[in-house]
Amino acid sequence: MNTPPAAWTPQPWAEAYWPDRLLTDHLDEAAARHPDKVAVTGRNSMSGATTTLSWRQLRRRVDRIAAGLAALGVEPGAVVACQLPNWWEFVALHLACVRIGALTNPLMPIFRQRELRYMLAFAKARVLVVPRSFRGFDYPAMVDALRPELPELHHLLVVGGSGSDAFDKVLLERRWEDECDTAQLFAQRRPSPNAAVQLLYTSGTTGEPKGALHSSNTLLSILQQYARRLGLGGDDVILMASPMGHQAGFMYGLMMAPMLGAKLVLQDIWEPSEAARLIEDEGVTYTKGSTPFLADLADTPALERHDIGTLRTFVSSGAPIPRVLVARATHRLGARIVSAWGMTETGSVTTTVPGDADDRVFGTDGVALPGMEVRVVDGHDRPLPHGQEGRLQCRGIGNFLGYFMRPELSQPTADGWFDTGDLALMLEGGYIRITGRAKDILIRGGENVPVVEVENALYRHPAVREVAIVGMPDARLGERACAFVTLQPGHALDFATLVAFLEAQHMARQYFPERLELLEQMPRTASGKIQKYQLRELARALPPLG
C-alpha cells in the first residue's frame, strides 16, 4: 500500500522538482532555527480555550504522539483516520503519522454514519481520532454504534474526552518518549518521500467517493512551486478556515505552514466577522478558501470595524469564481485575489500570477505551476486549438499515486496525462478557463450550452447570491436548462426579471435558462462545491414545462 503504482511514476523531468523530503524535516528545521516563534494558534470553539504553540512545543508534542501511536501498535502503512475540526491536534497528529510512516486519512467533521461506515471500513483504519463534541454532535456515540461493523478499528481517541479513550490521556499525559529510544524508532520508521502519507477521499460532486493517495513528494513539490509563485515565506501568517479534512485546508494550511516555517492561525468554524478579527489581531497576510469564503469575507460589515490591511493574498479555488465577485472582493479587501484550479488528486495545478493584467485575473483560472502541464483535448485525446472547449488533462509533479484499492479508476494515458473531468478552454500564454464539468455538460436540442458563462452573467444581478444551472429532461429537446438560485438578503427575483436581465446583456436566447427555482441554500460538498448531481435530481422531479 505504501508503494506508488508504477503507472503513476512521473515523467523524468518532473522528478527534478521533487524535494525528496518529509514534512517532519521542515518541522525539525523550524524548531531548530526559531524554537520560540509561534507555530500554530487557534481557538477551540467547543471549550473556548485558545492554544498557542511554539515550534519547540509543537515538535515535542508531535514526537510524543508519534511514540504513543507506535506503542498502540500503529505500524508503517497503517491508516490513522482523523475527523477533527481545525484544531492544533489535527496538525500534530499528521506530523506524528509522518514520523512513523503511517497514513493520515482526513475526514470532514460533517460526515456521519453513512459516510464513515464506508470510508473507515474501506481504508481499514486502525485508529480514529474524533472530537468529544463539535457543533452539538456526539462523535463518540456515533462511532460506538459503528464499531461492530469496523473490526479493523482498534482505537478510538477522543479530543476533549475525559475517559480512558481521551486523546490527552492516551497520547500526551504519558511521556512516551521516555519509554523508548525515539531517535532509533523514528529512524527505523522514516518513510520514503515516495511512500503514501495521505489517503483523502474525493469530495464527491458525483456522489461516489474515491480515496486518493499522495506522497510527501507529490504534496510538497506542488506546495513549493505554489509558495514561490505567490511569494510566500516564513514571515507570512496563514489563516486557515477551510477545513483541514479537505485538500485546501490540509495542504495550504496544515502542511504549508511547517514547510515555510510560517505561523498558522486556525479557525474551526467559519464566521466572516471572526475571520476579519483574526486577520487584524494576528497580522494575517495570506488565506485560501472556496468561493463562499471569499464572498462572505468581502460582504461582511465587520470590515468597517477591523483593519485587515496586512492581508495581501486571498486564493480562491474549489469552484469557478464569478468574475464580478473577484472585482468586488479586490475592492473590499484591498488584497490580491488569486484564482486557482486544482483537485484532491493534484493539489493546485494552475493559478493566476501576481502582476497579471485584470483580464487574466478576472477571466481565467490561471496558468500551470512549474512542474505541471495542462492541455485541452477532444474525445480522442488530441490537443485542441486555443479557444475550443474540450476535456482538461494534467500531468506532472503533483499527480497523485492512484486511488486506494481501485487502480482501475486511476489510469492515466500512456504518456502520463490524467483526465480531470473538467471542461476548459486553452487561452494565450497557457492560461485556461474552466467552462464546466464533463458530466455537467448541458445539450439543448443538439447545441451545447456554456453553463459557466450563463452562471457568471447571472451572478452580476444584484439579487443573486449563488446560481447553478443544470439540465432537466425534455421530451423534444433532450434537456432544458433550470437555474437554481439563492438570493441576497432582502432581494427578490422572478423568471421574467431573470430573462430581461440576460437580454440586456445581449446573450443568445438559446442559452437562457427556461426555469428558475429559488432555494434557501445550495447543496454542497464538504469543501464548499455545489453538488450539481443533487440539483439534477431536484430538476428531474419538477413538473414538465408547458
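The values are calculated or read from the model by the stated rules, or taken from the named source; none is laboratory data. Not measured: the values here are computed from a predicted model. Here Cβ is always computed from backbone atoms with ideal geometry, including for glycine, and neighbour counts include all displayed protein chains. SASA here: full protein model, heavy atoms, side chains in, ligands and nucleic acids out. Shrake-Rupley method; radii C 1.70, N 1.55, O 1.52, S 1.80 Å.
Couple of notes before you dig in:
- Shape category assigned to region 135-276 from the gyration tensor of Cα positions, a/c cut at 1.5: rounded
- Probe 1.4 Å, all protein chains present, accessible-area order of Trp87, Trp270, Trp18, largest first: Trp270, Trp18, Trp87
- Taking the charge dipole of the chain about its Cα centre, with +1 at Lys and Arg Cβ atoms and -1 at Asp and Glu Cβ atoms, the residue from His506, Ala438, Ala71 reaching farthest to the positive side is Ala71.
- DSSP-loop trypsin sites (Lys or Arg not before Pro) across region 143-212, with at most 10 other Cβ within 10 angstrom: Arg175
- Derived value for region 14-148: Kirkwood hydrodynamic radius 16.2 Å. Basis is the mean of 1/r over every pair of different alpha-carbon atoms.
- Cα-centre dipole for region 307-373 with unit charges at Cβ (Lys and Arg positive, Asp and Glu negative), debye to 20: 280
- Note on region 395-515: Cα Rg divided by 2.2 N^0.38 Å, N the number of residues, gives 1.34.
- Considering only the chain, percent of DSSP beta bridges that pair antiparallel, nearest 5: 60
- Nearby aspartates and glutamates by direct alpha-carbon distance to Lys37 (threshold 16 angstrom, same-chain neighbours under 8 apart not counted): Asp28, Glu29, Asp235, Asp236, Glu282
- Taking all protein chains into account, the per residue accessible area for region 155-242 stands at 38 Å² (1.4 Å probe).
- Rolling a 1.4 angstrom probe over the protein heavy atoms with all chains in place gives region 423-546 an accessible area of 49 Å² per residue.
- Given charges at beta-carbon only (K, R positive; D, E negative), |dipole| of the chain in Debye: 320
- Mean separation of Cα contacts under 8 Å (6+ apart) over length of the chain, as relative contact order %: 13
- Percent accessible area from carbon and sulfur atoms, region 5-159, protein chains only, probe 1.4 Å: 49
- Mean shadow area of the chain, taken as a quarter of the surface of its Cα convex hull (nm²): 25.4
- Sorting Lys263, Lys37 by solvent-accessible area of protein heavy atoms yields Lys37, Lys263, largest first, with a 1.4 Å probe.
- Cross-link table Lys210/Lys532; Lys169/Lys210; Lys124/Lys210; Lys288/Lys529, entries beyond 23 Å C-alpha to C-alpha: Lys169/Lys210
- Restricting attention to region 457-546, close to 75% of DSSP beta bridges with both partner residues there are antiparallel.
- The solvent-accessible area of His380, taken with every protein chain present and a 1.4 Å probe, is close to 130 Å².
- DSSP H segments from the chain that extend 18 Å or more along their own axis, Cα-based, with Kyte-Doolittle mean of 0.0 or above: 88-100
- Over the chain: helical MRE at 222 nm, DSSP H runs n ≥ 4 each giving -39500 (n - 2.57), nearest 500: -8500 deg cm²/dmol
- Scanning the chain for GluC sites (Glu not before Pro) lying in DSSP loops with no more than 14 further Cβ atoms inside 10 Å, the longest uninterrupted stretch between such sites is 180-519.
- nm² value of the averaged projected area, convex hull over the Cα atoms of region 267-308: 2.8
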